[in-house]
Amino acid sequence: MTRDIDTIVARLAPSPVTEVSEGARDLMQEIMTAEPAPAPRRTRRRLSLRVAMPAGALLTAAVMAVTWLLPTSSAAALDIKQEGGYYVIEIKDLYANPKVYEQQLRNAGLDITLRVEPVTAALEGQVSPTAPDRQWVKSIMGIYPPGPCDKMDGCAIGMKIPVDFKGTADVRVGRKALPGEQFDSITSFDAKGEPMHCLPYKGKTVAEVRVMLEERGIRIEEFFFDDEEDPNTGDSRVATSVPDSSLVTGGYLTEPGVANVSVQSPEVPVDVPGKNNGCPSF
């Protein structure tokens, strides 16, 4: 059974700054009472390098939010305020023990589990709340600023939860990964916000794509063969090296600076789309 790289990496699923500016806080206040942006289409899945999962099969309850927040020395891991009938939550420490988050949320009367996890660039700052039955929790919303966004599913700058929220939600917050950290959520490396976005790499040779990746500080760790099976698993064959003439069909990052690439033999033509993720024709 061969695998399509987009199927492999469809997942549930910004450059850091050192502190929250007054302008950012003011913007959040201005849009608190506005209608939230429509819930973005969720295509993320749990990372699996060997097994392609059906869409949404491993969707975990998540709230990926607050892209401007970094670890601080504040004693409180979360800043929870009541404004306009909502709890407005900022994360002060992205590396706190989940139990610390949980205790603060319980103190606010919220039955919510919160974890902060490293994600690939396109998925940083996403808001995705779900209940224990994996249903979307519509009452927990991201706060989205107006204007363009360079991320796949929008650029949330915070989240708000109704003060009278009585349900249960599992929460995950996506953050920028540290060097060497494996991503917990990934997407194709040509998605909006990823390093190969709008680059015409499909159908090029491994030699050509390797140069494109190296120019962006990325090395290739493994290759997946679209046209060859592993006789033991039935999945695409995996290798750490391939002929430079092999043709690239897709790829994704597994951690900062490290990519897995899908390839096929040069004898098989690659279907190269005229447009790529909303980019101009190549």
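The values are calculated or read from the model by the stated rules, or taken from the named source; none is laboratory data. Since we're looking at a predicted model, the values are computed, not measured. Positions of Cβ are generated from backbone atoms using ideal geometry, with glycine treated the same way; all protein chains shown enter the neighbour counts. Heavy atoms of the whole protein, side chains included, go into the accessibility calculation; ligands, DNA and RNA do not. Shrake-Rupley method; radii C 1.70, N 1.55, O 1.52, S 1.80 Å.
Put simply, when 223-229, 262-268, 236-242 are sorted by average Cβ atoms within 10 angstrom per residue, most first, you get 223-229, 262-268, 236-242. Close amide-amide hydrogen proximity is noted between residue 163 and 86, 87, each under 5 Å apart and 5 or more residues distant or on a separate chain (H modeled in the peptide plane; Pro and chain starts excluded). Sorting 126-136, 180-190 by their mean Cβ neighbour count within 10 Å, with the most densely packed peptide first, gives 180-190, 126-136. Taking 25 °C and 0.890 mPa s as conditions, the range 106-208 diffuses translationally at an estimated 157 µm²/s according to Stokes-Einstein applied to its Kirkwood radius (Cα pairs).
Projecting the Cα positions of 183, 207, 220 onto the charge dipole of the range 126-263 (unit charges on Cβ atoms of Lys, Arg, Asp and Glu, taken about the Cα centre) puts 183 furthest along the positive direction. Per-residue 3J(HN,Hα) values for the range 94-102, derived from phi via the Karplus relation 6.51 cos²θ - 1.76 cosθ + 1.60 with θ = phi - 60°, read 6, 10, 5, 5, x, 5, 5, 4, 4 Hz in sequence order (x marks Gly and Pro). In this rough spin-label picture, where each label sits 7 Å from Cα along the Cβ direction, the residue 228-residue 267 distance is 1.2 nm. Once backbone amide H atoms are built at 1.01 Å from N, residue 78 has 92 as its partners under 5 Å, excluding neighbours fewer than 5 places away on the same chain. Of 176, 151, the residue with the largest accessible area leads and the full order is 176, 151 (1.4 Å probe). Between the amide H of residue 230 and those of 235, 236, 237, distances stay under 5 Å, these residues lying 5 or more places away or on another chain, with hydrogens modeled in the peptide plane.
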